[in-house]
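Below is one structure; the comments refer to it alone.
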Amino acid sequence: MDNRLFKSLIIISIGLLFLRLGFILTTMVIDDEAYYYIYSRHLAWGYIDHGPLIAFLIKTFTTIFGENGFGIRVGSVVLLTSLGCFLYIFGKKHFNQTTGAIMSLTVLTNVLFHTNGVVMTPDVPLVFFSFLFIIFYYMAFFHDKSWFLPAGICLGFGLLSKISALFPALGILLFPVLMKSYRRILRQRYFYLSFVLAFIILLPFIIWNLQNDWTFIRYQGAHITEGGSIKTFLELWAGLGILFGPILFAACFFLPFKVLINSKNLENKTEPAHIYFALTSVIPLIYFVTHSLFFRFELNWPAPAFLGGILLFAIKMGEIPDKVNKKFIIQIVYSIFLVLLVTVQTYFPLLPLKGKLDITNRYHIFTSFPNELRNYLATESKFKNYRIVANNYQIPSMVNLYIKPELEATCLSIGYHKTLYSFLYPDENLSGGNYLYLTTGKNFPDKLKRYFDEILLLRQFKSIRRGKAIAKYSLWHVINYHGKRGYTKFQ
């Protein structure tokens, strides 16, 4: 391997590590992270919208580093950094040093995975354990069957992160079925034992769902079948093309299909390892592409479809002459540019983007909470024993993290989907109470007025970024909440 590539790997890895540590120390967590932090305050074997692994991860690191932004996020830095090291070691040992460096750099520099290194969501353990079980199953198929056991364990943890880990696993399951020369594996008990281990790890989550009327299944079923269109389809895949970069996106999208098509050509002897990694990508790609034609997907959802393609891309790049590796260099430069652009935009908004178009606003829209809102509540002692309520999960989660009121803030979910708060604070337990209602904007929501006897404005707040208000909030004293079923017409 060109020694410059190894030096680049070391320099870039260390540079990105310090960048991520600095970022999580100097920015507010986003609302989704705060919501998952609430998971960790109420540990369970399942939640309405995700498996429990994200809660246990946050609980582990906040126990060590404290219930603050750094404690919540440092686990994401640890997992991504560890993944980068593991990919290098795996690629070097089983292919060559160049392949290892390409695997590591491709993941560490890409802006989607970089986000997993600074924002703690279920995608963090999903990507970590999905890469691991794809690699461990490869090692079991091609080297030592004992690797089936850690592969099954990692598959179980991947499924506890997000159920979408199932799709690469289907590709793995198909490999010995489709490859005649590897069907002997279907007679090995270790192969089946790996899936038994994964099921055992997933079993507490299944039992939790059974005890809670299959809440997760019903919620996710409704969530992933929200109406989509050709517009949302094009926005999804064009967005992924931009974030992954044209070279990597094209490789991850088309290379797996090309490998499988070429494997049918008797004159073209395709490496079985290439077919294996192609299957771990093609199966999830087929699902996500076809499903997104009819339903709206978020940008992070199809991530499992690209993992096998990334490994295949790195293997192919490691096999070709250095002069062709210009594609890889272009890809890395592009990825680092995007990472730096997003980072700079977070602190110094150079791009003239407004509102939701500027994704970095998510780090600033709640800045009034630990400042103005906290100070107001501290001076108004008469509201000390009042619970703060809102009508989404984001506001109470940020309140609970940054203000830590004596009574945990909650979400009423009036005309809004159920959240963790719906289980912690059932509507019937809130009925008849007086609360502090916190909402976006200057006005109280008209559709909610009928649920209270009296509504009084207390204070308005603004979150300021670079001298401009990017979010407005108002705090209201609401008297006698009637509950969702017991409301009377507001007078």
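Numbers for the structure displayed
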| item | result |
| --- | --- |
| Output for region 137-166, where each listed residue is crowded, with 22+ Cβ neighbours inside 10 Å and over 21 Å from Ala55 (Cβ atoms) | Tyr137, Tyr138, Ala140, Phe141, Phe148, Ala151, Gly152 |
| Test: residue in region 113-133 that is surrounded by fewer than 18 Cβ atoms within 10 Å (Cβ to Cβ), modelled with pLDDT under 95, touching a helix residue (DSSP H, G or I) at 6+ places or on another chain (Cβ under 7 Å) and not aliphatic (A, V, I, L, M) | no |
| Residue within region 97-107 that is at pLDDT below 95, surrounded by fewer than 19 Cβ atoms within 10 Å (Cβ to Cβ) and assigned to a helix (DSSP H, G or I) present | yes |
| Residue match in region 52-72 (condition: more than 21 Å from Leu401 (Cα to Cα), in the same structural domain as Thr121 (by TED's automatic domain parsing) and touching a residue at least 12 places away in the same chain (Cβ under 8 Å)) | no |
| Some residue of region 147-161 being in the same structural domain as Ser104 (by TED's automatic domain parsing) and over 29 Å from Ile217 (Cβ atoms) | yes |
| For Gly467: the one exception among (1) at positive phi; (2) at pLDDT 95 or above | (2) |
| Residues within region 283-300 that are surrounded by fewer than 18 Cβ atoms within 10 Å (Cβ to Cβ) and either under 13 Å from Gly228 (Cβ atoms) or touching a strand residue (DSSP E or B) at 6+ places or on another chain (Cβ under 6 Å) (or both), tallied | 7 |
| Scope region 408-430; condition surrounded by fewer than 15 Cβ atoms within 10 Å (Cβ to Cβ), free of Cβ contacts under 8 Å to residues at least 60 places away in the same chain and out of contact with any Gly (no Cβ under 7 Å at 6 or more places or on another chain); matching residues | Gly415, Tyr416, Pro426, Asn429 |
| Any hit, region 343-365, residues being more than 27 Å from the chain's Cα centre (by Cα), surrounded by 20 or more Cβ atoms within 10 Å (Cβ to Cβ) and under 27 Å from His417 (Cα atoms) | no |
| Residues within region 273-331 that are basic (Lys, Arg) and more than 14 Å from Leu248 (Cα to Cα), tallied | 2 |
| Test: Leu377 is assigned to a helix (DSSP H, G or I), among the hydrophobic types (A, V, I, L, M, F, W, C) and surrounded by fewer than 19 Cβ atoms within 10 Å (Cβ to Cβ) | no |
| So Tyr88, is it crowded, with 18+ Cβ neighbours inside 10 Å, in a helix (DSSP H, G or I), at pLDDT 95 or above and under 20 Å from the mean Cα position of the chain (by Cα) | no |
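The values are calculated or read from the model by the stated rules, or taken from the named source; none is laboratory data. Note that the structure is predicted; figures quoted are calculated from it, not measured. We place every Cβ from the backbone using ideal geometry, glycine too, and count neighbours over all the protein chains shown.
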